[in-house]
Each structure stands twice: as structure tokens, then as C-alpha cells.
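Participant: Got a structure here, written out as C-alpha cells. Questions coming.
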Amino acid sequence: MRVLVTGASGFVGGHLVPALVDAGHTVVAMVRDSDRYDPPPGVDVYEGDVLDPGLTLPTVDAAYYLIHSMAADGDFSELDRRAARNFVAAADAAGIDRIVYLGGLGEDDADLSEHLRSRREVERLLGEGAASLTVLRAAIIIGDGSASFAVIRQLVERLPVMVTPSWVRTDCQPIYIDDVIAYLVGVLAEPATAGRTFEIGGPEVLTYQEILVRTASIHVGRRPLIVPVPVLSPGLSARWLGLVTDVPVSVAKPLVDGLKNRVVVTDDSITDLVDVELTPFAEAVRLALDAGADRHRERAPA
Ligand SMILES: NC(=O)c1ccc[n+]([C@@H]2O[C@H](COP(=O)([O-])OP(=O)(O)OC[C@H]3O[C@@H](n4cnc5c(N)ncnc54)[C@H](OP(=O)(O)O)[C@@H]3O)[C@@H](O)[C@H]2O)c1
């Protein structure tokens, strides 16, 4: 198939493009600035900004939507709404039959954070076009380059003692990036996934406290002292994360808001259609840390 990957310069898109090539697809990588993107061999590059109301898309059999606006200045929900509408209009004009979107886990009837509500709204808007939409919903993705994993890694590196809001006791089902990619590639090969929404997660449900403690013991060999306090506003938590980590506050704030929401798989029907051997949490963390260390070595002057 000829497949368009939006967000090709991002964390998930960066892993998906070579995986689709390996699976035998012809890939068109869509980026905003081709000067900042180095495509794998054989991949075509297409420049496009989904916030451009005049966006046009190339003719492809399927497109992946892997975009969010958390890093942009301004109201990310409004930007993501506009982006999804522009994309759907352009996909319809280009006659694209299938769209695959990676969104966020979380129960619809729960008091979802603005970020998770926005991810859900993007799902709905993408579903309004002519293409049949496959949605995969995931919690934290473990991998080098994932903003949410970067927060965890840097917290355990930098803080032996953490005063945290009560969200440390919320359940989460983190998943390793390669497993996410296996699902994303797998749904394209399985026509029965078209028009459906699936939840994906790793093999373990862990509280954020367990995620921090286990990552610390693997990464720095010590257990952090975590002191949950009843009141610590999301705004203050995000500013605190902004100080301690290098994740921008604009990205940390929506992520922190979402930590109050339980993000676990409640329906595993994807397992009937796409077979993925899930990576245990500890192994995922080790692989992600190793990938980060390799990247730093490659960048370091000889
Ligand atoms: N990472 C996680 O833990 C996680 C967990 C669950 C779900 N997801 C979902 O996975 C998807 C991808 O996330 P990610 O972690 O890969 O994010 P990311 O690394 O921040 O990448 C975001 C991508 O969106 C692109 N983008 C932003 N605004 C754009 C615009 N106006 N036009 C075109 N491209 C634009 C960025 O391009 P530039 O390089 O030009 O900025 C970048 O390639 C999102 O839907 C997210 O909700 C991620």
C-alpha cells in the first residue's frame, strides 16, 4: 500500500515510518519542514501543515494521523480541533479510504482532562470524513523520545525525594513503543479493524508511583522517597515539572492534568485481530534507556 504518515518527525511517527517500509509499504512522510527531516531510504517526503486551511494531501491508500498541538503556543484543544477538521477535508478531497489515529486511553464517562477530552474530540472529527477510521487508544508510551517517558526518566534521575499530588496512586497501563508500532502496522493489514476503536496497553497495570519506583531502581539503582500530598494543583505540578525536567511547561501541563484519569485497557478486542507479544515494563524501560544512551553517544563529539 501507499501510506501517508503525518507527524513523521515526531516520536511515534519516527518509529512508524521505517516499520511500514519494512512491512513492504510505500511510505510518504508528511512534515512541516522538510529541511529538519531526514527520511529513511526510499521514503518520499511531503510538506504540509494541518493548521493550513488550504492543506492538500497526496493520493494514498491510507493515512496515519499522529499529530497533537501541545507544543504549540495557545489553546491546544482549539488548534487540534482545527487541525483535525482541515485534515479530514483534505483526506476527503484526496479520496483517502482509511485513516489510523493513535489517541489516548481513559473512560469516556470519567471526568477526562482537557488533553484526553481533546484527543477524544480529534477521534470524533476524524470519524466524520469519508474514510473509515481505526482508532488505537494508548496510555504512556515507553520509549526514547516520548515526552511522557522523558518526564518519568528525568524525575527519577534528578529527585531522590518527590512531593507529588495524589495522582501517584492512579492506575496506568504503559506500553512499549515497538508494541505500539506493531499494532499500528498490524491494523493496516487487517481490514476488520477499519471503522473500529481499540484500546492497547502493556502487560502490566501500574500506579504512577510504581512506574516511578521501578524506573528508578532500573535507571539509578535507588528507590525514591515519594510523599503524596492531598493538594497540589495541576498548574503548580506542571511548573514544578517544568523546573525539574526539560519538558516544556506547555507539554507538561496537559500531561499532568491527565494523571488524575485511570488509563487502563477495559476492552482487549484488538487481541483477536492483531497478535502482538507485549514487552514487560522493566524490559521496555531498559530498552528505552539503552536507546537514549546510544543516541547520546552518537551525538557526542569523537
Ligand atoms: N507519546 C506518548 O506517550 C503517547 C501516548 C498515547 C498517545 N500518543 C499519541 O500519539 C500521537 C503522536 O504523539 P507523539 O508522542 O509522537 O508526539 P510528538 O513526538 O510530539 O510528535 C508530534 C508530531 O506532530 C507534528 N505536528 C504538530 N503540529 C503539526 C501541524 N500543525 N502540522 C503538521 N504536523 C504537526 C510534529 O511536527 P513538528 O516536528 O513539525 O513539530 C510532530 O511530528 C498523538 O496523537 C498522541 O496523542 C502518544
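Participant: Could you tell me the largest-minus-smallest coordinate of the C-alpha atoms of the stretch 192-302 on each of the three principal axes, in descending order and whole angstroms?
Facilitator: 46, 46, 27
Participant: Hey, what's the per residue convex hull volume over the C-alpha atoms of the stretch 106-232, in cubic angstrom?
Facilitator: Values: hull volume 15.6 nm³, N = 127.
Per residue, the Cα convex hull of the stretch 106-232 comes to 123 Å³.
Participant: Can you give the charge dipole size of the stretch 61-196 about its Cα centre, rounded to the nearest 20 debye, using +1 on the beta carbon of Lys and Arg and -1 on the beta carbon of Asp and Glu?
Facilitator: Numbers: 13 positive and 21 negative charges, 27 e Å.
I would put it at about 140 debye.
Participant: Over the stretch 131-201, what is the relative contact order in whole percent, taking alpha-carbon pairs under 8 Å and six or more residues apart?
Facilitator: Once divided by the residue count of the stretch 131-201, the mean separation gives 58 percent.
Participant: Also: How far apart, in nm, are two points set 7 Å out from the Cα along the Cα-to-Cβ line at residue 266 and at residue 250?
Facilitator: 3.3
Participant: Considering only protein heavy atoms and a 1.4 Å probe, what is the carbon-and-sulfur percentage of the accessible area of the stretch 71-117?
Facilitator: Carbon and sulfur atoms account for 43 percent of the accessible area of the stretch 71-117.
Participant: Over the stretch 24-68, how many percent of alpha carbon pairs lie in each 10 Å bin up to the one with the longest distance?
Facilitator: Computed distribution, short to long bins: 23, 59, 17, 1.
Participant: Divide the volume of the convex hull of the Cα atoms of the stretch 107-152 by its number of residues and quote the answer in cubic angstrom per residue.
Facilitator: Roughly 107 Å³ of hull volume per residue.
Participant: OK, next. Just round it to a whole percent: the fraction of Cα-Cα distances in the stretch 215-278 exceeding 16 Å.
Facilitator: 67
Participant: Running Debye on the chain with equal point scatterers at the Cα sites and no solvent, what base-10 log of I(q)/I(0) appears at q = 0.08, 0.16 Å⁻¹?
Facilitator: -0.34, -1.42
Participant: Would you mind calculating the relative contact order of the stretch 156-302 from Cα pairs under 8 angstrom and at least 6 residues apart, reporting the percent as a whole number?
Facilitator: The normalised contact order for the stretch 156-302 reaches 39 percent.
Participant: Can you list the HN-Hα couplings for the stretch 35-44, worked out from phi with the Karplus curve (6.51, -1.76, 1.60; θ = phi - 60°), rounded to whole Hz and with x for Gly and Pro?
Facilitator: Listing the rounded values in order: 5, 9, 10, 10, x, x, x, x, 9, 7 Hz.
Participant: Right, here's the next one. What is the percent carbon and sulfur in the accessible area of the stretch 161-302, measuring with a 1.4 Å probe over the protein chains and ignoring ligands?
Facilitator: On the way: 3780 of 7010 Å².
Result for the stretch 161-302: 54 percent of the exposed heavy-atom area is carbon or sulfur.
Participant: Something else: Please compute the contact order of the chain in relative form: average sequence separation of alpha-carbon pairs under 8 Å and at least six residues apart, divided by the residue count, as a percent.
Facilitator: Numbers: 572 pairs, mean separation 56.3, N = 302.
Worked out over the chain, it gives 19 percent.
Participant: Okay, moving on. Principal axis extents for the stretch 1-104, Cα atoms only, whole Å, descending order, please.
Facilitator: 38, 28, 27
Participant: For the stretch 46-93, treating each Cα as an identical point scatterer without solvent, what Debye log10 I(q)/I(0) comes out at q = 0.23, 0.28 1/Å?
Facilitator: -0.84, -1.14
Participant: Whole angstrom only: what separates the Cα centroid of the stretch 199-265 from the Cα centroid of the stretch 1-48?
Facilitator: Distance between centres, Cα-based: 30 Å.
Participant: Now, a different point. Residues of the stretch 122-237: accessible area per residue at 1.4 Å, in Å²?
Facilitator: Working: 4340 Å² over 116 residues.
For the stretch 122-237, the per-residue accessible area is 37 Å².
The values are calculated or read from the model by the stated rules, or taken from the named source; none is laboratory data. Fair warning: this is a prediction, and the values are worked out from it, not measured in the lab. Because the Cβ atoms are built from the backbone with ideal geometry, glycine has one as well, and the counts that use them run over all protein chains shown. Accessible surface areas use protein heavy atoms only, side chains included; no ligands, DNA or RNA. Shrake-Rupley method; radii C 1.70, N 1.55, O 1.52, S 1.80 Å.
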